[in-house]
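Here is the structure we will look at.
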Amino acid sequence: MKRLKKKQIAELDGHREECQTTYDDLVEAVEHFNNAQENLFSEVIDAFESFVNDSQEEWEKVQKAQDAYNSAVTNAEEFCSDIIADIEAFMDNKSEKWLDSERGELTQSWLNEWEQVELSEVELEPPAYDEPDAPELIELEIDGPGDVLNDLPEEAE
């Protein structure tokens, strides 16, 4: 065969047109998708920033509650220390005989219980938020097939 027949040329032209049209549709769909991605991601960033701001406001409530709790713990620890000091002062004025008595041993046990009280303050850290990564956009890395098909010779040269 030296040359395409008219029917084959017509069929080639149909393929050229169909490939170019569908390629153009694909390019348009990709552009639309990428634009939509960028717009939607912009909304994600706005929502993320709102989330972070709202979270910071809520964190302030946590911080105030933590400060109040830690203050209460400090006050309770000071109270416990005062009670321990009072019990020790009471016991310091007692004789060895009294300390070895049942009442003395009960008082020593009572003191030991107060000395074992352990209260812990809390040091919470606010969570860190990483901004979301932008989505990857689609890139067509091919030439339009209509151009490729247009460059085909219709006869042997």
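The values are calculated or read from the model by the stated rules, or taken from the named source; none is laboratory data. These figures come from a predicted structure and were not determined experimentally. Here the Cβ positions follow ideal geometry from the backbone for every residue, glycine too, while neighbour counts run over all protein chains shown.
Checked against the criterion of being exposed (fewer than 11 other Cβ atoms within 10 Å of the Cβ) and closer than 19 Å to Glu136 by Cα, the candidates Glu43, Glu38, Glu57 yield just one match: Glu43. Of the residues examined, Asp24 is one that is assigned to a helix (DSSP H, G or I), under 28 Å from Asp151 (Cβ atoms), out of contact with any His (no Cβ under 8 Å at 6 or more places or on another chain) and among the acidic types (Asp, Glu).
The residues of the range 61-96 that are surrounded by fewer than 11 Cβ atoms within 10 Å (Cβ to Cβ) and within 32 Å of the chain's Cα centre (by Cα), listed by number, are Lys61, Lys64, Ala68.
Close Cβ contacts (under 6 Å, 6 or more residues apart or on different chains) running from residues in the range 1-19 that are loosely packed, with under 12 Cβ neighbours inside 10 Å to residues that are in a helix (DSSP H, G or I) and at pLDDT 90 or above are absent. So is Ser50 surrounded by 11 or more Cβ atoms within 10 Å (Cβ to Cβ), of a type in the set (Ser, Thr, Tyr) and in a helix (DSSP H, G or I) or not? For Ser50, the condition - surrounded by 11 or more Cβ atoms within 10 Å (Cβ to Cβ), of a type in the set (Ser, Thr, Tyr) and in a helix (DSSP H, G or I) - is not met.
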